[in-house]
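See below for the structure under consideration.
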Amino acid sequence: MNGAGGIDALVAVAAAKDECRQRMLDAPTAEALASARAAALGREGRLTALMELLKTAPREQKPALGVALNAFKNELTELAAVRATELGSVATVLARQDVTLPAAALERGSLHPLTQTERRVVQVLKGLGFSVTDGPEVEDEHHNFVALNIPAGHPAREPSDNFYLAGVPWLLRSQTSTVQIRTMEEKQPPLRVCAPGRVFRPDEVDATHHYMFHQVEGLAVGEGLTMADLKGTLLLFFRGLFGDDVELRLRPSFFPFTEPSAEVDVRFPGRGWVETGGCGMVDPAVFTAVGIDPERWSGFAFGLGLERLAMRHFAVPDIRHFTENDVRFLRQLG
Ligand code: DAH
(Lines give C-alpha, C1' and ligand atoms only; values in the text may rest on other atoms or scores of the structure.)
Protein backbone atom coordinates (compact mmCIF):
# COMPACT_ATOMS: atom_id res chain seq x y z
CA MET A 1 0.00 0.00 0.00
CA ASN A 2 1.42 3.38 -0.91
CA GLY A 3 1.02 6.85 0.57
CA ALA A 4 -2.04 7.57 -1.53
CA GLY A 5 -3.73 4.54 0.00
CA GLY A 6 -3.15 6.08 3.46
CA ILE A 7 -4.75 9.36 2.33
CA ASP A 8 -7.72 7.40 0.95
CA ALA A 9 -8.09 5.80 4.37
CA LEU A 10 -8.21 9.21 6.08
CA VAL A 11 -10.78 10.43 3.57
CA ALA A 12 -12.85 7.29 4.14
CA VAL A 13 -12.80 7.84 7.95
CA ALA A 14 -13.84 11.48 7.55
CA ALA A 15 -16.66 10.61 5.15
CA ALA A 16 -17.93 7.83 7.41
CA LYS A 17 -17.83 10.19 10.42
CA ASP A 18 -19.88 12.81 8.59
CA GLU A 19 -22.43 10.26 7.54
CA CYS A 20 -22.75 8.78 11.03
CA ARG A 21 -22.97 12.23 12.62
CA GLN A 22 -25.76 13.24 10.27
CA ARG A 23 -27.69 10.09 11.06
CA MET A 24 -27.47 10.81 14.77
CA LEU A 25 -28.56 14.41 14.25
CA ASP A 26 -31.50 13.29 12.12
CA ALA A 27 -32.65 10.56 14.51
CA PRO A 28 -36.23 11.56 15.46
CA THR A 29 -36.56 9.19 18.44
CA ALA A 30 -34.45 7.59 21.13
CA GLU A 31 -34.79 4.26 19.29
CA ALA A 32 -33.56 5.72 15.99
CA LEU A 33 -30.64 7.27 17.86
CA ALA A 34 -29.76 3.92 19.47
CA SER A 35 -29.53 2.24 16.08
CA ALA A 36 -27.54 5.15 14.61
CA ARG A 37 -25.15 4.81 17.53
CA ALA A 38 -24.82 1.03 17.01
CA ALA A 39 -24.26 1.51 13.28
CA ALA A 40 -21.38 3.88 14.05
CA LEU A 41 -19.78 2.54 17.20
CA GLY A 42 -21.26 -0.95 17.75
CA ARG A 43 -19.30 -4.20 17.44
CA GLU A 44 -20.42 -4.69 13.87
CA GLY A 45 -20.48 -0.96 13.09
CA ARG A 46 -18.48 1.45 10.95
CA LEU A 47 -15.69 2.03 13.47
CA THR A 48 -14.92 -1.68 13.71
CA ALA A 49 -14.73 -1.90 9.94
CA LEU A 50 -12.55 1.23 9.68
CA MET A 51 -10.12 -0.20 12.23
CA GLU A 52 -9.20 -2.80 9.59
CA LEU A 53 -7.59 0.02 7.61
CA LEU A 54 -4.91 0.28 10.30
CA LYS A 55 -3.65 -3.15 9.42
CA THR A 56 -3.06 -2.34 5.77
CA ALA A 57 -2.03 1.34 6.00
CA PRO A 58 1.63 2.19 5.31
CA ARG A 59 3.55 2.52 8.51
CA GLU A 60 4.17 6.29 8.27
CA GLN A 61 0.39 6.87 7.85
CA LYS A 62 -0.61 4.84 10.86
CA PRO A 63 -0.29 7.60 13.50
CA ALA A 64 -2.53 9.99 11.51
CA LEU A 65 -5.06 7.24 10.87
CA GLY A 66 -5.00 6.31 14.55
CA VAL A 67 -5.76 9.93 15.51
CA ALA A 68 -8.62 10.08 12.98
CA LEU A 69 -10.16 6.84 14.27
CA ASN A 70 -9.91 8.07 17.85
CA ALA A 71 -11.63 11.32 16.90
CA PHE A 72 -14.34 9.28 15.14
CA LYS A 73 -14.97 7.34 18.32
CA ASN A 74 -14.81 10.24 20.77
CA GLU A 75 -16.84 12.75 18.77
CA LEU A 76 -19.61 10.33 17.90
CA THR A 77 -19.77 8.92 21.43
CA GLU A 78 -20.24 12.42 22.78
CA LEU A 79 -22.76 13.41 20.12
CA ALA A 80 -24.80 10.28 20.84
CA ALA A 81 -24.89 11.19 24.54
CA VAL A 82 -25.95 14.78 23.87
CA ARG A 83 -28.69 13.72 21.45
CA ALA A 84 -29.91 11.07 23.91
CA THR A 85 -30.44 13.76 26.55
CA GLU A 86 -32.21 16.03 24.10
CA LEU A 87 -34.52 13.32 22.83
CA GLY A 88 -35.05 12.09 26.37
CA SER A 89 -36.28 15.46 27.63
CA VAL A 90 -38.49 15.98 24.59
CA ALA A 91 -39.85 12.47 25.13
CA THR A 92 -40.59 13.16 28.81
CA VAL A 93 -42.37 16.39 28.00
CA LEU A 94 -44.38 14.74 25.25
CA ALA A 95 -45.25 11.81 27.49
CA ARG A 96 -46.51 14.12 30.25
CA GLN A 97 -48.48 16.45 28.05
CA ASP A 98 -51.08 15.88 25.39
CA VAL A 99 -50.04 18.52 22.90
CA THR A 100 -53.17 17.93 20.85
CA LEU A 101 -55.38 19.34 23.62
CA PRO A 102 -56.74 22.86 22.96
CA ALA A 103 -54.77 25.59 24.74
CA ALA A 104 -56.06 26.86 28.09
CA ALA A 105 -58.28 29.91 27.55
CA LEU A 106 -56.67 33.21 28.52
CA GLU A 107 -58.56 35.05 31.24
CA ARG A 108 -59.96 38.33 30.09
CA GLY A 109 -58.96 41.28 32.24
CA SER A 110 -60.74 44.60 32.68
CA LEU A 111 -59.94 48.14 33.72
CA HIS A 112 -60.00 48.87 37.43
CA PRO A 113 -63.19 50.76 38.41
CA LEU A 114 -61.09 53.76 39.44
CA THR A 115 -59.32 53.77 36.09
CA GLN A 116 -62.69 53.63 34.36
CA THR A 117 -63.91 56.53 36.49
CA GLU A 118 -60.77 58.57 35.90
CA ARG A 119 -61.03 58.08 32.15
CA ARG A 120 -64.68 59.14 32.10
CA VAL A 121 -63.99 62.15 34.28
CA VAL A 122 -61.13 63.23 32.03
CA GLN A 123 -63.22 62.63 28.93
CA VAL A 124 -66.00 64.89 30.20
CA LEU A 125 -63.55 67.59 31.28
CA LYS A 126 -61.82 67.47 27.92
CA GLY A 127 -65.23 68.04 26.36
CA LEU A 128 -65.46 71.20 28.49
CA GLY A 129 -62.13 72.43 27.13
CA PHE A 130 -59.79 71.27 29.89
CA SER A 131 -56.46 69.77 28.91
CA VAL A 132 -54.94 67.04 31.07
CA THR A 133 -51.78 67.42 33.11
CA ASP A 134 -50.20 65.97 36.24
CA GLY A 135 -47.59 66.56 38.91
CA PRO A 136 -45.33 64.55 41.21
CA GLU A 137 -46.70 62.51 44.10
CA VAL A 138 -43.66 63.43 46.19
CA GLU A 139 -43.89 67.18 46.68
CA ASP A 140 -42.15 70.05 48.42
CA GLU A 141 -43.87 72.27 50.95
CA HIS A 142 -43.86 75.20 48.57
CA HIS A 143 -46.20 73.50 46.08
CA ASN A 144 -48.25 71.57 48.63
CA PHE A 145 -48.70 74.50 51.05
CA VAL A 146 -46.87 77.81 50.75
CA ALA A 147 -47.93 78.85 47.25
CA LEU A 148 -51.46 77.63 48.05
CA ASN A 149 -51.65 80.25 50.79
CA ILE A 150 -51.19 77.72 53.59
CA PRO A 151 -48.47 79.38 55.71
CA ALA A 152 -46.14 77.81 58.26
CA GLY A 153 -47.99 76.95 61.45
CA HIS A 154 -51.29 76.26 59.63
CA PRO A 155 -52.99 73.17 61.08
CA ALA A 156 -53.14 71.52 57.61
CA ARG A 157 -49.33 71.27 57.78
CA GLU A 158 -49.29 69.26 61.04
CA PRO A 159 -47.01 66.22 60.83
CA SER A 160 -49.91 64.11 62.11
CA ASP A 161 -51.98 65.09 59.06
CA ASN A 162 -49.31 64.48 56.43
CA PHE A 163 -46.80 61.91 55.26
CA TYR A 164 -43.54 63.84 55.57
CA LEU A 165 -40.47 62.00 54.34
CA ALA A 166 -37.66 61.54 56.84
CA GLY A 167 -34.49 63.55 56.30
CA VAL A 168 -35.67 65.50 53.21
CA PRO A 169 -37.95 68.54 52.95
CA TRP A 170 -40.63 66.64 51.03
CA LEU A 171 -43.95 64.93 51.65
CA LEU A 172 -46.42 62.73 49.80
CA ARG A 173 -48.79 65.33 48.38
CA SER A 174 -51.98 65.68 50.39
CA GLN A 175 -53.95 67.23 47.52
CA THR A 176 -53.80 67.61 43.75
CA SER A 177 -54.06 71.39 44.18
CA THR A 178 -50.25 71.27 43.91
CA VAL A 179 -50.75 70.92 40.17
CA GLN A 180 -52.50 74.32 40.05
CA ILE A 181 -49.24 75.88 41.22
CA ARG A 182 -47.03 73.83 38.92
CA THR A 183 -49.22 74.70 35.94
CA MET A 184 -49.29 78.44 36.63
CA GLU A 185 -45.54 78.49 37.25
CA GLU A 186 -45.00 77.09 33.79
CA LYS A 187 -47.77 78.55 31.66
CA GLN A 188 -49.31 81.92 31.15
CA PRO A 189 -53.09 82.40 31.26
CA PRO A 190 -55.62 81.86 29.82
CA LEU A 191 -55.55 78.30 31.20
CA ARG A 192 -57.95 75.42 31.52
CA VAL A 193 -56.38 72.25 32.92
CA CYS A 194 -57.38 69.21 34.91
CA ALA A 195 -55.12 66.84 36.82
CA PRO A 196 -56.24 63.45 38.10
CA GLY A 197 -53.92 61.71 40.54
CA ARG A 198 -53.19 60.06 43.84
CA VAL A 199 -53.02 61.86 47.17
CA PHE A 200 -52.00 60.70 50.64
CA ARG A 201 -53.13 61.49 54.18
CA PRO A 202 -52.59 59.49 57.37
CA ASP A 203 -56.33 59.01 57.88
CA GLU A 204 -57.79 56.17 59.89
CA VAL A 205 -59.04 53.66 57.32
CA ASP A 206 -62.77 52.94 57.35
CA ALA A 207 -65.61 52.54 54.85
CA THR A 208 -65.24 56.13 53.59
CA HIS A 209 -61.62 57.05 54.42
CA HIS A 210 -58.27 55.81 53.23
CA TYR A 211 -54.67 56.97 53.59
CA MET A 212 -54.37 56.92 49.80
CA PHE A 213 -57.03 58.09 47.39
CA HIS A 214 -57.51 59.96 44.14
CA GLN A 215 -58.61 63.44 43.28
CA VAL A 216 -59.17 65.31 40.08
CA GLU A 217 -58.16 68.94 40.16
CA GLY A 218 -59.57 71.55 37.82
CA LEU A 219 -58.25 75.04 37.18
CA ALA A 220 -59.46 77.74 34.83
CA VAL A 221 -57.79 81.14 34.60
CA GLY A 222 -59.09 83.87 32.34
CA GLU A 223 -60.33 87.42 32.20
CA GLY A 224 -63.62 88.09 33.95
CA LEU A 225 -64.27 84.54 35.16
CA THR A 226 -66.86 84.40 37.94
CA MET A 227 -68.53 82.00 40.35
CA ALA A 228 -71.23 81.55 37.69
CA ASP A 229 -68.61 80.06 35.33
CA LEU A 230 -67.50 77.74 38.14
CA LYS A 231 -71.01 76.57 38.93
CA GLY A 232 -71.96 76.16 35.27
CA THR A 233 -68.81 74.15 34.58
CA LEU A 234 -69.41 71.84 37.54
CA LEU A 235 -73.05 71.34 36.59
CA LEU A 236 -72.13 70.41 33.02
CA PHE A 237 -69.40 68.16 34.37
CA PHE A 238 -71.73 66.21 36.65
CA ARG A 239 -74.42 65.97 33.99
CA GLY A 240 -71.83 64.61 31.57
CA LEU A 241 -70.70 62.10 34.15
CA PHE A 242 -73.96 60.99 35.76
CA GLY A 243 -76.72 62.16 33.44
CA ASP A 244 -79.08 65.14 33.39
CA ASP A 245 -80.94 64.06 36.56
CA VAL A 246 -78.08 64.98 38.82
CA GLU A 247 -78.41 68.06 41.03
CA LEU A 248 -75.52 70.26 42.19
CA ARG A 249 -75.26 72.25 45.40
CA LEU A 250 -72.43 74.61 46.35
CA ARG A 251 -72.22 74.95 50.13
CA PRO A 252 -70.22 77.92 51.48
CA SER A 253 -66.94 76.79 53.03
CA PHE A 254 -63.31 77.79 53.44
CA PHE A 255 -60.11 76.82 51.65
CA PRO A 256 -56.94 78.91 51.95
CA PHE A 257 -56.40 78.97 48.19
CA THR A 258 -59.89 80.05 47.12
CA GLU A 259 -62.08 83.02 48.03
CA PRO A 260 -64.99 82.52 48.12
CA SER A 261 -64.89 78.75 48.66
CA ALA A 262 -67.58 76.08 48.59
CA GLU A 263 -68.14 72.37 49.14
CA VAL A 264 -69.41 70.54 46.08
CA ASP A 265 -72.42 68.31 46.82
CA VAL A 266 -74.36 66.20 44.32
CA ARG A 267 -77.70 64.46 44.56
CA PHE A 268 -79.66 62.00 42.45
CA PRO A 269 -83.47 62.09 42.50
CA GLY A 270 -84.75 60.45 45.65
CA ARG A 271 -81.30 60.14 47.23
CA GLY A 272 -79.34 62.21 49.74
CA TRP A 273 -76.70 64.84 49.10
CA VAL A 274 -73.14 63.57 48.83
CA GLU A 275 -70.09 65.75 49.31
CA THR A 276 -67.66 65.16 46.45
CA GLY A 277 -65.02 67.85 46.96
CA GLY A 278 -64.27 71.54 47.18
CA CYS A 279 -64.12 74.51 44.85
CA GLY A 280 -63.86 78.27 44.71
CA MET A 281 -62.45 81.35 43.03
CA VAL A 282 -58.64 81.35 42.98
CA ASP A 283 -57.39 83.50 45.87
CA PRO A 284 -55.40 86.59 44.73
CA ALA A 285 -52.58 85.46 47.07
CA VAL A 286 -52.18 82.30 44.95
CA PHE A 287 -51.92 84.34 41.74
CA THR A 288 -49.34 86.56 43.38
CA ALA A 289 -47.31 83.52 44.51
CA VAL A 290 -46.97 82.35 40.91
CA GLY A 291 -46.45 85.80 39.40
CA ILE A 292 -49.85 86.20 37.74
CA ASP A 293 -51.44 89.64 38.05
CA PRO A 294 -54.62 89.24 40.14
CA GLU A 295 -55.89 92.63 38.94
CA ARG A 296 -56.07 91.35 35.40
CA TRP A 297 -56.78 87.63 35.78
CA SER A 298 -59.40 85.71 37.70
CA GLY A 299 -60.02 82.01 37.90
CA PHE A 300 -61.83 79.13 39.51
CA ALA A 301 -60.63 75.79 40.82
CA PHE A 302 -62.11 72.57 42.10
CA GLY A 303 -60.83 69.34 43.58
CA LEU A 304 -63.08 66.28 43.58
CA GLY A 305 -62.58 62.84 45.13
CA LEU A 306 -62.48 60.16 42.44
CA GLU A 307 -63.37 57.40 44.89
CA ARG A 308 -66.42 59.41 45.94
CA LEU A 309 -67.50 59.67 42.30
CA ALA A 310 -66.77 56.01 41.62
CA MET A 311 -68.64 54.88 44.75
CA ARG A 312 -71.63 56.89 43.60
CA HIS A 313 -71.44 55.64 40.04
CA PHE A 314 -70.89 51.95 40.80
CA ALA A 315 -72.80 51.90 44.14
CA VAL A 316 -69.70 50.71 46.00
CA PRO A 317 -70.41 50.74 49.75
CA ASP A 318 -66.81 50.64 51.04
CA ILE A 319 -63.74 52.55 49.81
CA ARG A 320 -61.47 49.69 50.87
CA HIS A 321 -62.78 47.55 48.01
CA PHE A 322 -60.77 49.66 45.58
CA THR A 323 -57.41 48.65 46.97
CA GLU A 324 -58.02 45.13 48.23
CA ASN A 325 -57.68 43.53 44.80
CA ASP A 326 -60.48 41.05 45.39
CA VAL A 327 -61.11 39.76 41.89
CA ARG A 328 -64.78 39.09 42.69
CA PHE A 329 -65.21 42.86 43.22
CA LEU A 330 -63.13 43.76 40.17
CA ARG A 331 -65.03 41.30 37.99
CA GLN A 332 -68.40 42.73 38.97
CA LEU A 333 -67.41 46.21 37.88
CA GLY A 334 -65.26 45.24 34.87
N1 DAH B 1 -57.50 70.51 47.82
C2 DAH B 1 -58.75 70.42 48.55
C3 DAH B 1 -58.72 69.19 49.42
O4 DAH B 1 -57.98 68.29 49.14
C5 DAH B 1 -59.92 70.35 47.61
C6 DAH B 1 -60.11 71.63 46.86
C7 DAH B 1 -60.90 72.63 47.40
C8 DAH B 1 -59.50 71.84 45.65
C9 DAH B 1 -61.10 73.82 46.74
C10 DAH B 1 -59.71 73.02 44.97
C11 DAH B 1 -60.50 74.00 45.53
O12 DAH B 1 -59.15 73.26 43.79
O13 DAH B 1 -60.69 75.14 44.84
O14 DAH B 1 -59.44 69.14 50.37
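Miscellaneous remarks
- Taken one residue at a time, the phi angles of segment 264-279 give Karplus couplings (6.51, -1.76, 1.60, θ = phi - 60°) of 9, 10, 10, 8, 9, x, x, 10, x, 6, 10, 7, 10, x, x, 7 Hz. Gly and Pro are set to x.
- Counting all C-alpha pairs of the chain, share separated by more than 31 Å (%): 55 percent
- With a 1.4 Å probe rolled over the protein heavy atoms of all chains, the accessible area of 174, 35 falls in the order 35, 174, largest first.
- With every protein chain in place, segment 3-96: carbon and sulfur % of accessible area (1.4 Å): 60 percent
- Per-pair calculated FRET efficiency, R0 = 22 Å: residue 119 and residue 226 via Cβ, rounded to 0.05: 0.15
- Segment 113-332 - percent of accessible surface contributed by carbon and sulfur, probe 1.4 Å: 51 percent
- Here is the tail figure for segment 55-172: Cα pairs spaced more than 24 Å apart come to 72 percent of all pairs.
- Computed over the Cα atoms of segment 3-96, pair by distinct pair, the Kirkwood hydrodynamic radius stands at 14.1 angstrom.
- Long-range amide H partners of residue 255 with built H, under 5 Å: 261
- Accessible surface computed residue by residue for the chain, with neighbouring protein chains in place and a 1.4 Å probe, gives 55 Å² per residue.
- Sequence-distant contacts, meaning Cα pairs under 8 Å at least 6 residues apart, place the relative contact order of segment 113-332 at 21 percent.
- Set of lysines near residue 73 by C-alpha distance (under 17 Å), chain-local residues within fewer than 8 positions excluded: 17, 62
The values are calculated or read from the model by the stated rules, or taken from the named source; none is laboratory data. Only a predicted model underlies this, so the values are computations on that prediction, with no experimental measurement involved. We place every Cβ from the backbone using ideal geometry, glycine too, and count neighbours over all the protein chains shown. When the accessible area is computed, the model is the full protein with side chains, heavy atoms only, and any ligands, DNA or RNA have been set aside. Shrake-Rupley method; radii C 1.70, N 1.55, O 1.52, S 1.80 Å.
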